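Beneath this line is the structure, given in structure tokens, with notes to follow.
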């Protein structure tokens, strides 16, 4: 323990001893003008080291960190927006194939046996468009079928109903889209 105290005391006294033994005689040998330059350097050098060695790099790191925070906040906002979009999309059921929906509705309403044609139509808007034709379908079942198409999310683009020779029966031509 005594040994460390001696070492610490010598380290503390080292700058004073260095100054007294080596630097002071050289400093006194300088001209007054040179002494002022040395004093200026002794004062300016630590200031320069603090400014350029500590403060400016710290400021640069701070600016980089602030820019990163702004970037991360933007990413967080975008992630929250996408999460909300996904949550809302998950609540809506996936759209059913229009052909499958029409087939199911036709069976449910008892008009499938009257269908003579179900044909997909070209639609460049990205919607599923179908041409439906029925011959001799019971009118009392066609009207609920049409209502079911609308309630099922299908849009009736064209509809033509024609009376047949048999009372209560109609020929139907529809263009529907989803």
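Coordinate-derived values only; no laboratory data. These numbers were taken from a predicted model, which means no experiment stands behind them. Please note: Cβ atoms are built from the backbone with ideal geometry, for glycine as well, and neighbour counts cover all protein chains shown.
Quick notes on this one:
- Between the C-alpha center of segment 45-81 and that of segment 127-156 there is a gap of 64 Å.
- Prolate/oblate/rounded label for the chain (Cα gyration tensor, a/c 1.5): prolate
- Ranked list, fewest to most other Cβ atoms within 10 Å of each Cβ, for 129, 116: 116, 129
- Compactness index (Cα Rg / 2.2 N^0.38 Å), segment 98-177: 1.03
- Rounded tilt (10° steps) of 56-91 against the dominant C-alpha axis of the chain: 20
- For the chain, the 222 nm mean residue ellipticity estimated from helices alone, with every DSSP H stretch of n ≥ 4 adding -39500 (n - 2.57) and the total spread over all residues, rounds to -19000 deg cm²/dmol.
- Between helix 2-18 and the chain: long-axis angle, C-alpha atoms, 0 to 90°, nearest 10: 80
- Rounded to 10°, Cα long-axis angle of helix 139-151 versus longest principal axis of the chain: 10
- 52, 145, 124 arranged by Cβ crowding within 10 Å, fewest neighbours leading: 124, 52, 145
- Cα gyration tensor shape for segment 3-88, rounded if a/c is under 1.5, else prolate or oblate: oblate
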